[in-house]
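The values are calculated or read from the model by the stated rules, or taken from the named source; none is laboratory data. As the structure is a prediction and not an experimental result, all values here were calculated from the model. Note that we place each Cβ from the backbone using ideal geometry, even for glycine, and neighbour counts take in every protein chain shown.
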Amino acid sequence: MIQPKTILEVIDNTGAQKAICLKVYNKSKRQIGSVGNIILISVRKTRNKNKSKKIYKKELHKAVIVRVKKKQNRYDGSSIKFNSNGIVLLKKELHKKVYNPIGTRFFGPISNELRNDMIQNLKVISIASKSF
């Protein structure tokens, strides 16, 4: 359950480390997001060792939620819970409504619930090494 002013961990290799949620884009009026939702974020902390940065502090980007701390129930009766709230930064393709990830690698597992919206998250699913 991600809502505005939630601190999030960026799990790709773009150079951002921590971000804060500013807005959740979903169909309901409630500003609460879960796995697969697109959010607007502001970068708060970057990694220092990258000399050629793609991302700078105080920049606004869109991101997709790939992990949440809140326990999620699945259709088969099992549930899953992660240790941190994780996001992947996105960029919009020209003349299309599809977002592609900025980074080329993801650190750690992502949730299988991303497969529900296959068209939107196809690139994110294919890059990820592990999915739970």
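Taking the conditions (1) over 15 Å from Ile11 (Cβ atoms); (2) part of a loop (DSSP other than H, G, I, E, B) in turn, Ser42 satisfies each one other than (2). Determine whether Val24 is of a type in the set (A, V, I, L, M, F, W, C), over 13 Å from Ile102 (Cβ atoms) and part of a loop (DSSP other than H, G, I, E, B). For Val24, the condition - of a type in the set (A, V, I, L, M, F, W, C), over 13 Å from Ile102 (Cβ atoms) and part of a loop (DSSP other than H, G, I, E, B) - is not met. Considering Ile39, Ile65, Ile87, the condition of being within 22 Å of Pro4 (Cβ to Cβ), at pLDDT 90 or above and in contact with a Phe, Trp or Tyr (Cβ under 7 Å, 6 or more places away or on another chain) is satisfied by Ile39 alone.
Just for segment 9-49: of the residues that are small (Gly, Ala, Ser) and closer than 20 Å to Phe107 by Cβ, which one is farthest from the chain's Cα centre (by Cα)? Among those that are small (Gly, Ala, Ser) and closer than 20 Å to Phe107 by Cβ, it is Gly15. Tally time: how many residues in segment 1-33 are at pLDDT below 90 and polar (S, T, N, Q)? Count: 5. Per this entry, Tyr75 is not counted among residues that are exposed (fewer than 14 other Cβ atoms within 10 Å of the Cβ) and within 18 Å of Lys92 (Cα to Cα).
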